[in-house]
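What follows is a set of notes on a single structure, which appears directly below.
The values are calculated or read from the model by the stated rules, or taken from the named source; none is laboratory data. Remember, predicted model here, so these are calculated numbers, not experimental data. Every residue, glycine as well, gets a Cβ built from its backbone with ideal geometry; the counts of neighbours run over all protein chains shown.
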Amino acid sequence: MKKVYFTLTGTCHYYGLGFLKKGDKIKLIKEHDNHYDKEAIRVEYKDGIGKIGYVANSTHTVLGETYSAGRIYDLFGKKTKARIEKILPQGAICSMKV
């Protein structure tokens, strides 16, 4: 198995980044019915808080060389697990095993 890195973005619309820590577990869930992005992947926090953001899917929100939602969309089924690797002011770098 290898690690794939992606960007968690949009957290400012929910709970922010302040409560996240390196190593925290998150869930990725495909949103097949999302009207704005056919490759939308919702990110939920492990403790039942609910939606905390989305996997970035724009050149404006993807950080560095991390993968976009479009690049990881076909790497898993309806949902999968991931973890927080690094917190930055503009989002978080996360990883999942594929």
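Restricting the first member to region 68-83 and to residues that are modelled with pLDDT of 95 or more, and the second to residues that are in a strand (DSSP E or B) and exposed (fewer than 14 other Cβ atoms within 10 Å of the Cβ), the beta-carbon pairs closer than 8 Å and six or more apart or on different chains are K81/K25; A82/K25; R83/K25. On the stretch given as region 1-36, residues that are out of contact with any strand residue (DSSP E or B) (no Cβ under 8 Å at 6 or more places or on another chain) and either among the acidic types (D, E) or closer than 14 Å to R71 by Cβ (or both) total 1.
Okay, residues lined up against (1) surrounded by fewer than 12 Cβ atoms within 10 Å (Cβ to Cβ); (2) touching a Cys at 6+ places or on another chain (Cβ under 9 Å):
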| site | (1), (2) |
| --- | --- |
| L28 | no, yes |
| H32 | yes, no |
| H35 | yes, no |
| K38 | no, no |
| I41 | no, no |
| D47 | yes, no |
| G53 | no, yes |
| Y67 | no, no |
| Y73 | no, no |
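The set of residues in region 17-60 being more than 12 Å from the chain's Cα centre (by Cα), of a type in the set (G, A, S) and closer than 15 Å to M96 by Cβ consists of G23 alone.
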